[in-house]
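Each reported figure results from applying straightforward, stated rules to the coordinates on display, with no laboratory input. These numbers come from a predicted model, not from an experiment. Cβ coordinates were reconstructed from backbone atoms using ideal geometry, including for glycine residues, and neighbour counts include every protein chain displayed.
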Amino acid sequence: MATARFDPAGPLRGTIRPPSDKSISHRAALIAAMGEGTTRIEGYLDAADTRSTLAAVAALGARVEEGPELGHELKITGVGLRGPRPAQIDVGNAGTLLRLLPGWLAGQEAGEWTLDGDDSIRRRPVDRVALPLGEMGARVEAREGRLPPLTVRGAPLRGIDYEMPVASAQVKSCLLFAGLLAAGVTRVTSEHRSRDHTERMLAAAGASIERASAAVVVRPTKRLRPRRIDVPADLSSAAFFVVAAALVAGSEVVLERVGVNPTRAGVLTVLERMGADLEVHPEGEHGGEPVARLVVRPAPLHGTEVGGEEVPLAIDELPLLALAACFAEGTTTIREAEELRRKETDRVETVTAALCALGANVESTADGMVIAGTGGLRGGAVSSHGDHRIAMLGAVAGLASAEGVEVEGMGAAAVSYPGFEADLRSLLS
């Protein structure tokens, strides 16, 4: 992959509408494919990961329509809850697809499906969905019992009470999909909240879903009928500009129509606690999800602790919070974040190595990182290791550093944000 250089920047100024939410886009396509009739999806993210999901639902028999005549909208005509045809599924680099889709397929009366992907996917464990699905009666096989390729054979399922050892929206969503087809009630419990997009979208499509603070309950469903899904801007993508504006002197960046679902907005809470100058202006709801306009300016930051219930609310943004902590006064501790080790890379180690290579004082721990703020970064070179979030983190670090940063493998950003470099550089012009 190509190397890109990001030199120390003057103020970042301007307004951006970040790309559409990746997590919601994946779920929109899957739920539309499970549905009866045609679902219109406005603002579906056009990126490598979400393209994998469109290809997957097409392989299962759904009809996907897009083109200039539809503008920013695409249409998916579903096969129904019990209609996916047997297929070989290439998930590419999409971990969300890998972990959600087996829940739907496992409860089919018959059929066999194999899910496989790129080298990165083949290192990402699936036992966290395979084991509870097995408790429901699913026939699921993985390499070495825990790694892709993953083979799913249709079988009768029964509802279970499952307490997740680690809060995970992907595991929860997989089991909710399976619960739609299972006999009896399926209850998924977690000590901490995780993102709730699946529950919102299934309820809107007609599923029998009950939500409480610690549990989600789903009952067998005959059919889903989603009709229209609107996808807001992705807070995880917006967070790169939030942190860049918070670190580069003289900046003022406005981010429009950003999804601020409370189960996703932990990064904003933590940054505000660190002293960030961050304004959140609510703008109602977009597709059943709360949205807001964010205004960010630089301010002195101080260290903090991130752990417990905050971790699943900011899991994808923890690398960015570690970067911000390098510029803060005092020590920042990120704990109870073992989930970082199960992402596209082991993000505890890749983030620690990247930041240390740029002059930071970061120590990895079994479940997170300890960052001693030094007030800035020297700069240098980092490798994305094919991880889109490490690539974009390196770019932001370069703008805020003393000497600039070269990012090897910057093309990995296209997994979730193909236009990231152009949008970032537009704020410098």
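Points to keep in mind about this one:
- By average C-beta atoms within 10 angstrom, highest first, the peptides 83-91, 234-242: 234-242, 83-91
- Evaluated at q = 0.10 Å⁻¹, a Debye calculation over the C-alpha positions of the chain (equal weights, vacuum) places log10 I(q)/I(0) at -0.66.
- Inverse mean reciprocal Cα-Cα distance (Kirkwood Rh) of region 299-338, Å: 10.3 Å
- Normalised alpha carbon radius of gyration of region 1-80 [divisor 2.2 N^0.38 Å]: 1.42
- Applying D = kT/(6 pi eta Rh) to region 172-250, where Rh is the Kirkwood radius over alpha-carbon pairs, T corresponds to 37 °C and eta to 0.692 mPa s, the Stokes-Einstein value obtained is 223 µm²/s.
- Mean projection of the Cα convex hull over all viewing directions, computed for region 146-210: 5.2 nm².
- Lys-Lys pairs in the chain that are eight or more residues apart or on separate chains and whose Cα atoms lie under 19 Å of each other come to 4.
- Rg and Dmax of region 222-284, Cα atoms only, in Å: 14.9, 56
- Calculated translational diffusion coefficient of region 98-253 (20 °C, 1.002 mPa s; Stokes-Einstein with Kirkwood radius over alpha-carbon pairs) equals 126 µm²/s.
- Between region 141-159 and region 196-275, the alpha-carbon centres lie 29 Å apart.
- Among 7-18, 208-219, sorting by the average number of other beta carbon atoms lying within 10 angstrom of each residue, highest first, gives 7-18, 208-219.
- Summary of the geometry: region 81-102 and region 113-139, compared by the centres of their Cα atoms, lie 10 Å apart.
- Three-way shape label, region 338-429, alpha-carbon gyration tensor, a/c 1.5: oblate
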